[in-house]
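Below is one structure; the comments refer to it alone.
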Amino acid sequence: MLTAPALDVEFPSELDDGDGVQTAVLGRDPTPSDVPEAIELPPLGAFLGRCQLRSQIATGPHSAVYLGDLWDLRLPVAVKVLTPRRSADRPVLAAHLRAEFRALSRLNHANIARLWDFREYGDYPHLATEYVDCLTVEQLRLQHGGWLSPRLAVRIALKAVDGLMAAWRLGLVHRDVKPDNLLFTPAGEVKVIDWGLSAWAGEELPATPTSEVLRFVGTPAYLPPEMARPGKPFDHRTDVYGLGATLYHAVTGRLPFDYRRPTQMVLAHLSQAPVPPFDYVQAPGMLRLSEIVLRMLEKNPANRYDRPEELREDLARAV
């Protein structure tokens with residue numbers, strides 16, 4: 001059992017028995033009046049802004065994703081619709097949807113899903129991006145028996161770095177890089193998605209009407225240590241850590257810190273050293289890749305890759 005270090009960190013109660021792979025975005029303490037409410041999803045065929053909903057793709061704890069058509073351009077789009085289970089959560093989730101819109105409106109890169117529509121008001125706040133017929137990297141890993149070959153994993157990481165670098169040049173940080181937020185197409189292309197936690201380097205979390213207590217925000221299984229410390233600065237090296245944790249999981253089939261409780265995962269990211277990936281996988285090029293991943297997973301951002309170009313060069317030479 002891990003002992004919590006002396007840090008000002010608070011954990012949402014809804015994560016206590018989770019699996020550590022869901023993003024936490026809530027920003028205040030639940031109250032007795034915050035009873036989960038029945039969610040009425042928009043019906044298929046409905047029009048939301050420029051989008052007509054065709055089928056439901058996925059449902060998460062805070063949103064539902066639909067396949068839709070951009071009716072004026074006749075293009076397929078992925079439509080993310082907010083589905084808050086408590087009315088008090090709506091402003092917080094809307095702030096993150098707004099953050100995703102602000103990020104995507106500034107980004108134009110082949111490895112980032114393109115923005116097509118955004119509506120903040122009305123019954124169904126939503127955001128539409130290009131639809132990609134693909135698997136997430138997590139689905140790809142499971143389809144390959146639980147892990148990816150080092151060569152394929154590095155190919156994916158390189159394309160993800162290219163997309164993330166487009167944001168880093170603007171001073172924008174994704175802050176939730178993980179296998180579920182990387183799409184892999186049949187043609188071998190990669191798209192970075194879900195920019196709802198993105199922020200400009202050095203900024204605090206976006207203020208919202210319901211944010212009374214600042215907690216960590218991110219995904220416990222891939223959480224950069226600085227994201228678990230309220231008020232800590234972050235920059236592109238925060239994404240380097242998330243990508244390192246993703247690469248670790250992809251090539252070994254194991255999380256860097258595999259605990260049942262998400263709070264234990266967060267504490268491990270703060271205080272424990274991961275087992276070197278090479279201890280699990282002895283494959284050509286794996287020793288060098290293991291060294292790269294461990295550098296990406298350094299607790300102190302100053303010890304990670306500061307120059308994105310150096311990270312890209314090392315990955316390209318690894319296997």
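The values are calculated or read from the model by the stated rules, or taken from the named source; none is laboratory data. None of the values given here were measured: they were computed from a predicted structure. We place every Cβ from the backbone using ideal geometry, glycine too, and count neighbours over all the protein chains shown.
Scanning the range 166-180 for residues that are in contact with a helix residue (DSSP H, G or I) (Cβ under 8 Å, 6 or more places away or on another chain) and part of a loop (DSSP other than H, G, I, E, B), we see that the one that is farthest from D235 (Cα to Cα) is K178. The residues of the range 264-289 that are surrounded by 16 or more Cβ atoms within 10 Å (Cβ to Cβ) and closer than 18 Å to P301 by Cα, listed by number, are V266, L267, A268, H269, L270, P274. If I filter the range 119-139 down to residues being assigned to a strand (DSSP E or B) and in contact with a Phe, Trp or Tyr (Cβ under 9 Å, 6 or more places away or on another chain), which single residue comes out as surrounded by the most Cβ atoms within 10 Å (Cβ to Cβ)? Result: L127. Determine whether the range 245-260 contains at least one residue that is crowded, with 16+ Cβ neighbours inside 10 Å, touching a Lys or Arg at 6+ places or on another chain (Cβ under 9 Å) and at pLDDT below 95. Scanning the range 245-260 turns up no residue that is crowded, with 16+ Cβ neighbours inside 10 Å, touching a Lys or Arg at 6+ places or on another chain (Cβ under 9 Å) and at pLDDT below 95. Any residue in the range 253-265 that is under 22 Å from the mean Cα position of the chain (by Cα), outside any helix (DSSP H, G or I), of a type in the set (A, V, I, L, M, F, W, C) and closer than 21 Å to K178 by Cβ? Taking every residue of the range 253-265 in turn, at least one turns out to be under 22 Å from the mean Cα position of the chain (by Cα), outside any helix (DSSP H, G or I), of a type in the set (A, V, I, L, M, F, W, C) and closer than 21 Å to K178 by Cβ. Every condition in (1) buried (at least 23 other Cβ atoms within 10 Å of the Cβ); (2) free of Cβ contacts under 8 Å to residues at least 60 places away in the same chain holds for D239 except the one numbered (2). Please list, ordered by first then second residue, the pairs with beta carbon atoms under 6 Å, 6 or more apart or interchain, first in the range 258-272 and closer than 15 Å to Q22 by Cβ, second modelled with pLDDT of 90 or more and among the hydroxyl-bearing types (S, T, Y). Here the result reads M265/Y259, each pair linking the range 258-272 to a residue that is modelled with pLDDT of 90 or more and among the hydroxyl-bearing types (S, T, Y). Among the residues of the range 103-118, the ones that are crowded, with 18+ Cβ neighbours inside 10 Å and either of a type in the set (D, E, K, R) or assigned to a strand (DSSP E or B) (or both) come to 5 in all.
Applying the selection to the range 68-102, what residues are in a strand (DSSP E or B) and touching a Phe, Trp or Tyr at 6+ places or on another chain (Cβ under 6 Å)? Once the filter is applied, which keeps residues that are in a strand (DSSP E or B) and touching a Phe, Trp or Tyr at 6+ places or on another chain (Cβ under 6 Å), the range 68-102 yields L70, P76, V77, A78, V79, V81. In the set (1) out of contact with any Pro (no Cβ under 7 Å at 6 or more places or on another chain); (2) among the basic types (K, R); (3) modelled with pLDDT of 95 or more, R237 fails one condition alone, (1).
Quick one: is G188 within 28 Å of R229 (Cα to Cα) and assigned to a loop (DSSP other than H, G, I, E, B)?
Taking the combined requirement at face value, the residue does not satisfy it.
Let's see how each residue does on (1) of a type in the set (F, W, Y); (2) at pLDDT 90 or above; (3) part of a loop (DSSP other than H, G, I, E, B); (4) under 24 Å from the mean Cα position of the chain (by Cα):
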| position | (1), (2), (3), (4) |
| --- | --- |
| D19 | no, no, yes, yes |
| R28 | no, no, yes, yes |
| V35 | no, no, yes, no |
| Q56 | no, yes, no, yes |
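You will find that of L142, L183, L152, the residue that is surrounded by fewer than 17 Cβ atoms within 10 Å (Cβ to Cβ), out of contact with any helix residue (DSSP H, G or I) (no Cβ under 6 Å at 6 or more places or on another chain), assigned by TED's automatic domain parsing to the domain that holds E313 and of a type in the set (A, V, I, L, M) is L142 and no other. Scanning the range 300-319 for residues that are buried (at least 16 other Cβ atoms within 10 Å of the Cβ) and at pLDDT 95 or above, we see that the one that is farthest from Q22 (Cα to Cα) is D314.
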